[in-house]
Amino acid sequence: MNGVDDTTSQVAVLKMHSSIRRDTIKLVKDEEGKYYFSLQFDSVYNCAITFHLCSQELKNDKNIPLHFVTAPDLPSPSQYKFEAGIGQDFPPKLSMFNPSDYNQDSLTEAKDDYYPIVVMIETNYPKDYKGKAKNSSQIVYGSFKLEGYDYSFHCIKTKFLFNKRMFDIGEIFGVEGGTSNIVNDNNKLCVICFTNDKDTVVLPCRHMCLCMECSQIVRRQSNNCPICRTKVSTFIQIKEKSKEDERNKESISDAKKKEVAEKAANDAMKDDNEEEMSSDEPEENKDSHRANTPDLDV
Ligand SMILES: [Zn+2]
Ligand SMILES: [Zn+2]
């Protein structure tokens with residue numbers, strides 16, 4: 001048996017600098033029968049969001065996504081840049097597409113490395129950034145469901161890329177939209193403190209059950225998932241929709257938004273330094289994660 005210190009030193013705590021709130025992704029139909037995406041996202045630095053419609057995922061030999069390739073006869077992917085901000089709404093009608101430009105099967109059926117829709121958010125770090133992160137991206141893979149005459153978005157899976165590591169997360173358990181029946185507000189709260197919103201996914205079991213503060217406690221103590229007792233390999237902090245954000249959306253001014261983002265950026269900077277001290281992984285893990293830097297710039 002390892003001592004507690006040995007065990008905790010092997011557990012990585014990753015804080016994503018940009019993320020899409022996956023349960024907020026929706027497809028909206030306008031009067032002309034065209035569609036656009038509606039979603040919310042968080043970014044502590046500037047970021048870019050890209051929509052790849054009907055594309056093939058190309059991966060390197062370590063299974064890390066490198067590019068998404070769209071057939072030349074289809075409209076090219078569209079990328080949009082945003083400033084830092086927590087709880088941002090993607091502007092409506094920005095990402096328009098017309099289903100009649102596409103073959104119906106190509107919109108509804110994912111196959112092998114082909115996906116009808118891939119939404120990606122990438123962090124653009126500022127020039128004066130001094131933290132350890134080089135790449136923090138989230139990729140949401142999906143398809144479209146056709147019911148009657150209307151398409152809707154269907155999420156297949158999510159991957160997080162952090163520096164040279166990739167976390168392939170199918171379904172996250174414990175958030176709205178998952179298979180678990182999450183209906184009341186209590187389920188948004190961390191299962192340990194019942195005070196903060198859940199914002200941390202536990203790997204490998206994929207339970208979204210903790211706040212970041214309590215994940216630090218779990219990490220120092222038992223290091224088992226509080227839901228299923230599985231030994232934790234990694235904590236990934238992401239933002240999901242919370243009551244507080246809903247309230248903030250009503251009242252928050254742009255200046256306040258900026259202040260919140262700056263605070264988050266400062267916190268993230270602090271955390272980067274913590275992360276460096278705490279994420280010594282065992283050698284075999286390092287090897288399995290090691291890969292060429294993903295070339296995700298578009
Ligand atoms: Zn907590
Ligand atoms: Zn678990």
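The values are calculated or read from the model by the stated rules, or taken from the named source; none is laboratory data. The structure presented is a predicted model; accordingly, all values stated were derived computationally and were not measured. Cβ atoms come from the backbone with ideal geometry, glycine included; neighbour counts cover every protein chain shown.
Give the number of residues within the stretch 225-238 that are within 16 Å of ligand 1 (Cβ to nearest atom) and within 12 Å of residue 209 (Cα to Cα).
Let us first name the residues in the stretch 225-238 that are within 16 Å of ligand 1 (Cβ to nearest atom), namely 225-227, 232, 235-238.
Within this subset, residues satisfying the condition of being within 12 Å of residue 209 (Cα to Cα) are 225-227, 235-238.
Looking only at that region, the number is 7.
Please work out which residue is farthest from the chain's Cα centre (by Cα), limiting yourself to the stretch 19-77 and to residues that are aromatic (Phe, Trp, Tyr) and either surrounded by fewer than 15 Cβ atoms within 10 Å (Cβ to Cβ) or part of a strand (DSSP E or B) (or both).
Taking the stretch 19-77 and keeping what is aromatic (Phe, Trp, Tyr), we get 35-37, 41, 45, 51, 68.
Filter once more, keeping what is either surrounded by fewer than 15 Cβ atoms within 10 Å (Cβ to Cβ) or part of a strand (DSSP E or B) (or both): 35-37, 41, 51, 68.
Numbers: 35: 23, 36: 20, 37: 16, 41: 9, 51: 14, 68: 17 Å.
Step by step, filter the stretch 19-77, then rank; the result is 35.
Step by step: first the residues of the stretch 1-43, then only those that are hydrophobic (A, V, I, L, M, F, W, C) and modelled with pLDDT of 90 or more, then the one that is farthest from residue 200 (Cα to Cα). Which residue is that?
Filtering the stretch 1-43 down to residues hydrophobic (A, V, I, L, M, F, W, C) leaves 1, 4, 11-14, 16, 20, 25, 27-28, 37, 39, 41.
Pick out the ones that are also modelled with pLDDT of 90 or more and you get 20, 25, 27-28, 37, 39, 41.
Working: 20: 14, 25: 19, 27: 26, 28: 29, 37: 26, 39: 20, 41: 16 Å.
The residue in question is 28.
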For the stretch 199-233, the count of residues that are surrounded by fewer than 17 Cβ atoms within 10 Å (Cβ to Cβ), out of contact with any strand residue (DSSP E or B) (no Cβ under 7 Å at 6 or more places or on another chain) and in contact (Cβ under 8 Å) with a residue 12 or more places away in the chain equals 5
Just need a number here: residues in the stretch 121-148 that are at pLDDT below 90 and more than 21 Å from residue 82 (Cα to Cα).
1
Going by the conditions given, is residue 112 closer than 28 Å to residue 62 by Cβ, away from ligand 1 (no atom under 16 Å from the Cβ) and among the acidic types (Asp, Glu)?
yes
Among the candidates 23, 30, 42, 73, residue that is free of Cβ contacts under 8 Å to residues at least 24 places away in the same chain and among the acidic types (Asp, Glu)
73
